[in-house]
Amino acid sequence: MSFKGKAIYNPTGKAAEYAPWACNFYNGCSNDCNYCYCKRGVMSHVWSPAPTLKKCFKDEEHATDVFIAEMEKNIDQLKEHGLFFSFTTDPMLPETLDFHMNAICLAINHNVPVQILTKRADFLHYWLFDENQIIHPEKKKLIAVGFTLTGCDEYEPKASLNVDRVKAMLELHKRGFKTFASIEPVISVQASYAMINAVSGWCDLIKVGLLSGGKRTYKPGEIQFLFEMLKADTRGSKFYIKDSMVEYLNLDREKLPTHFVNQDYNIFK
């Protein structure tokens, strides 16, 4: 059975590879990444260069009320599988950080694990060192923070620098949070592997995905080379290679080494 609420829903298609449950409050993003899938295709009609509250919500108070109702309706499934923030914006943008943190805290206070994917590093001081302790220490085990790491700052003009994202991830790891890296899209194999090499061994999960079909300009053999490097990397991180890479290399998931995980891998267990 599929659930499709105003805030919480079951993703389909490529998004389902990231999480079985997700939450979107806003459309649009001020990171303004050149490759963003929301700028084109089915999402292009609602994309904007700044986060805009979805039209189904009257205001942020209404959005929060809807979120609580939908969360409580699906609480058992959400406790089991967690909740992903977000596919249609960056939840850690300065413009919407307070609102998203309120929703995230509501989730973890209901014992719902949360995955956050961001290209920001500037939220870290606010989050970790605020005297009001936004996140209670006992709830850290319910949060996994992921950073998109392409290694190509020029394609992400208004996001935090990739090196600052790595530093933020390391700080979170040291403080006991689960962390994951989204190496997607692979724009430059060399840059992507540099990012993987920087975080492997202490980042809990590394996800790797290719550019969409029409944009791929990879040199012969370089994606195979990247895969061979991942196979040889046994420093402790888990790897999930997305369907785009599996199909590109014609791989059999059942024959991958044990440090590769499947789509249903639960970072919290």
Stokes-Einstein D for the stretch 71-218, Kirkwood Rh over Cα pairs, 37 °C, 0.692 mPa s (µm²/s): 205 µm²/s
With 5 Å bins from 0: P(r) over the stretch 148-225, alpha-carbon pairs, percent: 3, 15, 26, 24, 16, 10, 4, 1, 0
Cα-based convex hull, the stretch 198-237, per residue volume (Å³, whole number): 79 Å³
Bins of 10 Å from zero: percent of alpha-carbon pairs in the stretch 1-118: 14, 49, 33, 5
Proximal aspartates and glutamates relative to Lys242, as straight alpha-carbon distance under 18 Å, when same-chain residues fewer than 8 apart are discounted: Glu17, Glu184, Asp204, Glu222, Glu228, Asp233, Asp252, Glu254, Asp264
Unsatisfied cross-links (Cα-Cα over 26 Å) in the set Lys6/Lys174; Lys55/Lys139; Lys207/Lys269; Lys139/Lys238; Lys73/Lys238; Lys54/Lys119: Lys6/Lys174; Lys55/Lys139; Lys73/Lys238
Value of Rg to Rh for the chain (Rh from inverse mean 1/r over Cα pairs, i.e. Kirkwood): 0.94
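Compute the Kirkwood hydrodynamic radius of the stretch 74-139, taking the inverse of the mean of 1/r over all pairs of distinct Cα atoms, and give it in Å to one decimal.
One over the average 1/r among Cα pairs gives 12.5 Å for the stretch 74-139.
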Stokes-Einstein diffusion coefficient of the stretch 1-61, Kirkwood radius over Cα pairs, 25 °C, 0.890 mPa s, in µm²/s: 192 µm²/s
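Among the trypsin sites (Lys or Arg not before Pro) in the stretch 47-104, which ones are in a DSSP loop with at most 10 other Cβ atoms within 10 Å of the Cβ? Mind listing them?
Numbers: sites: Lys54, Lys55, Lys58, Lys73, Lys79; in loops: Lys54, Lys55, Lys58.
Listed in order of number, the matching sites are Lys55.
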Antiparallel DSSP beta bridges within the chain, as percent of all bridges there, nearest 5: 15 percent
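Helix-derived [θ] at 222 nm for the chain: sum -39500 (n - 2.57) over DSSP H runs of at least 4, divide by residue count, nearest 500?
Working: 8 runs with 82 residues, N = 269.
Theoretical 222 nm ellipticity from helices: -9000 deg cm²/dmol.
So what is the relative contact order of the stretch 17-151, in percent, for Cα pairs below 8 Å that sit 6 or more residues apart? Don't jump to the answer; show the numbers that get you there.
Values: 174 pairs, mean separation 33.2, N = 135.
It rounds to 25 percent for the stretch 17-151.
FYI, it's all coordinate maths here, none of it is from the lab. Only a predicted model underlies this, so the values are computations on that prediction, with no experimental measurement involved. Positions of Cβ are generated from backbone atoms using ideal geometry, with glycine treated the same way; all protein chains shown enter the neighbour counts.
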